[in-house]
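J.: Attaching a single structure in structure tokens format; questions to follow.
The values are calculated or read from the model by the stated rules, or taken from the named source; none is laboratory data. Everything numeric here is computed off the predicted structure, so don't read it as measured data. Glycine gets a Cβ as well: all are built from the backbone with ideal geometry, and neighbour counts include every protein chain shown. Note: areas computed on protein heavy atoms with side chains; ligands, DNA, RNA excluded. Shrake-Rupley method; radii C 1.70, N 1.55, O 1.52, S 1.80 Å.
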Amino acid sequence: MSTVKTDCRPSAHAGWVTEVQTPSLRFSMAVNEILYQGKSEFQEIIVADTKQFGRVLSLDGVFQTSDAEEWVYHEMIAHVPLYMHPHPERVLIIGGGDGGSAREVLRHPEVRAVDMVEIDAEVIRLAKQYFPQIASALIAEPDRLHVTVGDGLAKVAATENEYDVIIVDCSDPIGPGEGLFQRQFYRDACRALKAGGLLVQQTDSPFLRGALVHDIVRVMSDEFAYARLYLAAIPIYPSGMHSFMLASKGEDPLTALRRPVDIAPLRYYNDAIAKAAFVLPNFVKTLLRERPQE
Ligand code: SAM
């Protein structure tokens with residue numbers, strides 16, 4: 001996840017796929033094979049078989065997920081809000097076309113229905129074909145999962161008092177994902193949640209994109225009762241230090257009770273991590289208060 005429009009040209013750099021993370025920083029993976037390269041209605045899509053991370057999905061030159069470490073992101077975006085909500089029965093996923101968030105949400109037996117709204121049908125198709133382990137829920141099509149191809153902005157604008165948890169598993173604030181980082185979306189999403197509802201969104205690297213993280217916290221704090229940042233170590237994202245924002249209509253996520261873990265195996269999330277993820281380094285606390293210069 002990065003906010004810089006990047007080039008990712010395996011053919012231009014034989015044997016490598018590259019994300020340009022900042023104008024002076026690139027992250028490259030050695031490639032065994034490019035499995036797919038094409039352009040959908042919305043974005044450039046590459047699926048590469050890499051030597052370090054296995055299969056990797058890139059959208060518009062930005063690495064989204066990989067076979068080797070996808071579980072960090074998907075466990076942390078799903079289980080942090082789901083174990084915090086006392087009765088998470090109805091869940092909305094916006095984006096999430098690779099299927100990893102749906103897979104993790106559906107592991108919670110108290111979840112009765114999951115609606116997933118992904119704008120790009122090609123991402124879903126390619127995930128089923130090349131990432132069957134991440135997309136296992138999309139392939140199995142359980143009755144509890146309803147997948148729609150459409151714009152998440154329109155979905156929340158048309159919804160009121162319906163969901164316990166909304167997971168915004170989106171790409172960057174560029175292209176189709178841009179509106180998902182704006183005030184109107186947070187206002188609509190807050191209305192789409194029931195009383196006590198929670199919204200989580202992945203929000204980039206505090207290390208490299210402090211101003212963006214600062215701006216999102218400000219706007220979310222205006223629209224929700226609470227907006228709290230938490231962190232996870234995600235190897236393929238810029239700087240490896242990734243943030244998520246948890247916004248609440250009810251209790252403060254810092255003091256809310258969490259239900260203990262009751263599903264296994266989990267490779268990253270546990271009861272202690274659920275708490276520790278909200279403990280922030282001093283430089284992150286500072287950038288939440290004061291917008292850094294960029
Ligand atoms: N884990 C990833 C990351 O942080 O890089 C996100 C992965 S998931 C593949 C992101 C998905 O959000 C993409 O498939 C993209 O098509 C979808 N998306 C972007 N904007 C959207 C919108 N407005 N409505 C619904 N889905 C959207």
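J.: Can you tell me the dipole magnitude for the range 127-253 around its Cα centre, using point charges on the Cβ only (Lys, Arg +1; Asp, Glu -1), in Debye to the nearest 20?
T.: Details: 11 positive and 16 negative charges, 22 e Å.
Using Cβ point charges on Lys, Arg, Asp and Glu, the range 127-253 gives about 100 debye.
J.: Of Tyr237, Tyr186, Tyr36, which is the most mobile in a GNM of the chain whose springs link Cα atoms less than 10 angstrom apart?
T.: With Cα springs under 10 Å in the chain, the top fluctuation among Tyr237, Tyr186, Tyr36 is at Tyr36.
J.: Let me ask something else about it. Per the helix-only calculation at 222 nm, which mean residue ellipticity applies to the chain, given -39500 (n - 2.57) for every DSSP H run of n ≥ 4 and division by its residues, nearest 500 deg cm²/dmol? If you can, show how the numbers build up before the last one.
T.: Values: 9 runs with 80 residues, N = 294.
One gets -7500 deg cm²/dmol as the mean residue ellipticity at 222 nm.
J.: Hey, another quick one. Please give the net charge around Gly54, taking every other residue with its beta carbon less than 11 angstrom from that of Gly54, where Lys and Arg add +1 and Asp and Glu add -1. Before the final figure, lay out the partial values.
T.: On the way: positive: Lys51, Arg55; negative: Asp49, Asp67, Glu69, Glu70.
Spelling it out: positives minus negatives among the neighbours equals -2.
J.: Oh, and also: Can you tally the net charge around Arg191? Count Lys and Arg as +1, Asp and Glu as -1, for every other residue whose Cβ sits under 15 Å from the Cβ of Arg191.
T.: Details: positive: Arg90, Lys155, Arg183, Arg187, Lys194, Lys249; negative: Glu160, Glu162, Asp164, Asp188, Asp222, Glu223.
Net charge in that neighbourhood comes out at 0.
J.: On to the next question. Of all DSSP beta bridges in the chain, what percent run antiparallel (nearest 5)? Show your work: numbers first, answer last.
T.: Working: 36 of 56 bridges.
In the chain, approximately 65 percent of DSSP beta bridges are antiparallel ones.
J.: Heads up, I need the accessible area for Val31: 1.4 angstrom probe, whole protein in place, Å², nearest 10.
T.: Rounded to the nearest 10, the figure is 20 Å².
J.: Which FRET efficiency value, to the nearest 0.05, is calculated for Gln184 and Asn32 with the Förster distance at 41 angstrom and r the Cβ-Cβ distance? Numbers along the way, then the final one.
T.: Details: r = 43 Å, r/R0 = 1.06.
The calculated FRET efficiency here is 0.40.
J.: Would you mind calculating the relative contact order of the chain from Cα pairs under 8 angstrom and at least 6 residues apart, reporting the percent as a whole number? Show your work: numbers first, answer last.
T.: Working: 637 pairs, mean separation 46.6, N = 294.
In percent, rounded to a whole number, it is 16.
J.: Pull out the extension gain between His87 and Asp143, defined as 0.36 nm times the separation in residues minus the alpha carbon to alpha carbon distance; nm, one decimal.
T.: Details: separation 56, 0.36 × 56 = 20.16 nm, distance 1.94 nm.
Contour length minus the Cα-Cα distance gives 18.2 nm.
J.: Solvent-accessible area per residue for the range 130-213 at a 1.4 Å probe radius, Å²?
T.: Values: 3230 Å² over 84 residues.
Per-residue value: 38 Å².
J.: Follow-up question, since we're still on this one. Taking every DSSP beta bridge with both residues inside the range 102-246, roughly what % is antiparallel (nearest 5)?
T.: Details: 9 of 19 bridges.
Percent antiparallel among DSSP bridges in the range 102-246 is about 45.
J.: Could you give the size of the charge dipole of the range 12-118 about its Cα centre, using +1 on the Cβ of each K and R and -1 on the Cβ of each D and E, expressed in debye and rounded to the nearest 20?
T.: Computed charge dipole of the range 12-118: roughly 100 debye.
J.: Hey, in the GNM for the chain with a 10 angstrom Cα cutoff, which one of Leu106, Leu180, Leu199 fluctuates hardest?
T.: Evaluated over the chain, the most mobile residue of the options is Leu106.
J.: Can you pull out the GluC sites (Glu not before Pro) in the range 170-278 that DSSP calls coil and that have at most 10 other Cβ atoms within 10 Å? Display every interim value, and only then the final one.
T.: On the way: sites: Glu178, Glu223, Glu251; in loops: Glu251.
Within the range 170-278, no GluC sites (Glu not before Pro) qualify (loop, at most 10 other Cβ atoms within 10 Å).
J.: Are there trypsin sites (Lys or Arg not before Pro) in the range 186-294 that DSSP puts in a loop and that have at most 12 other Cβ atoms within 10 Å, and which ones? Write down the numbers at each step before the final one.
T.: Values: sites: Arg187, Arg191, Lys194, Arg209, Arg218, Arg228, Lys249, Arg258, Arg267, Lys275, Lys285, Arg289; in loops: Arg209, Lys249, Arg258, Arg267.
Those that pass, being in a loop and sparsely packed, are Arg267.
J.: Kirkwood hydrodynamic radius (Cα pairs, Å) of the range 70-289? Don't skip to the answer; put the middle values down first.
T.: Details: mean 1/r = 0.0583 Å⁻¹.
About 17.2 Å for the range 70-289.
J.: Within the range 261-283, name every residue whose backbone N is under 14 Å away from a label modeled 7 Å from Cα of Glu110 along the Cβ vector.
T.: 261-263
J.: Using a Gaussian network model of the chain with C-alpha springs under 10 Å, which one of Val111, Val156, Val56 is most mobile by mean-square fluctuation?
T.: Highest fluctuation among the options: Val111.
J.: So if R0 is 25 Å, what FRET efficiency would Ala14 and Ala68 give, r being the distance between their Cβ atoms, rounded to the nearest 0.05? Please list the in-between numbers first.
T.: Numbers: r = 23 Å, r/R0 = 0.90.
Between Ala14 and Ala68 the formula returns 0.65.
J.: Sticking with this one: With the other protein chains left in place, how much accessible area per residue, in square angstrom, belongs to the range 16-65 at a 1.4 angstrom probe? Let's see the in-between values first.
T.: On the way: 2290 Å² over 50 residues.
Computed with neighbouring chains in place, this is 46 Å² per residue.
J.: Could you tell me what percent of the accessible area of the chain is made up of carbon and sulfur, with a 1.4 Å probe and every protein chain present? Intermediate values should be presented prior to the final figure.
T.: Values: 6290 of 12080 Å².
Carbon-and-sulfur percentage of accessible area, whole number: 52.
J.: The range 48-82 to the range 232-294: how many Å between their Cα centroids?
T.: 17
J.: Let me ask something else. Leaving ligands and nucleic acids out of the surface, order Arg291, Arg107 by accessible area at 1.4 Å, largest first.
T.: Values: Arg291 130, Arg107 70 Å².
Sorted descending by solvent-accessible area, the residues read Arg291, Arg107.
J.: What's the local net charge at Gln43, with K and R +1, D and E -1, over the other residues with C-beta under 9 Å away? Intermediate values should be presented prior to the final figure.
T.: Values: positive: Lys39; negative: Glu41, Glu44, Asp60, Asp120, Glu122.
Net charge around Gln43: -4.
J.: Compute the distance in nm between two label points, each set 7 Å from the Cα along the Cα-to-Cβ direction, one at Ala264 and one at Thr286.
T.: Label at Ala264, label at Thr286, 4.3 nm between them.
J.: Full-extension gain between Lys39 and Ser221, please, as 0.36 nm times their residue separation minus the C-alpha to C-alpha distance. Don't skip to the answer; put the middle values down first.
T.: Details: separation 182, 0.36 × 182 = 65.52 nm, distance 3.65 nm.
Computed gain between Lys39 and Ser221 is 61.9 nm.
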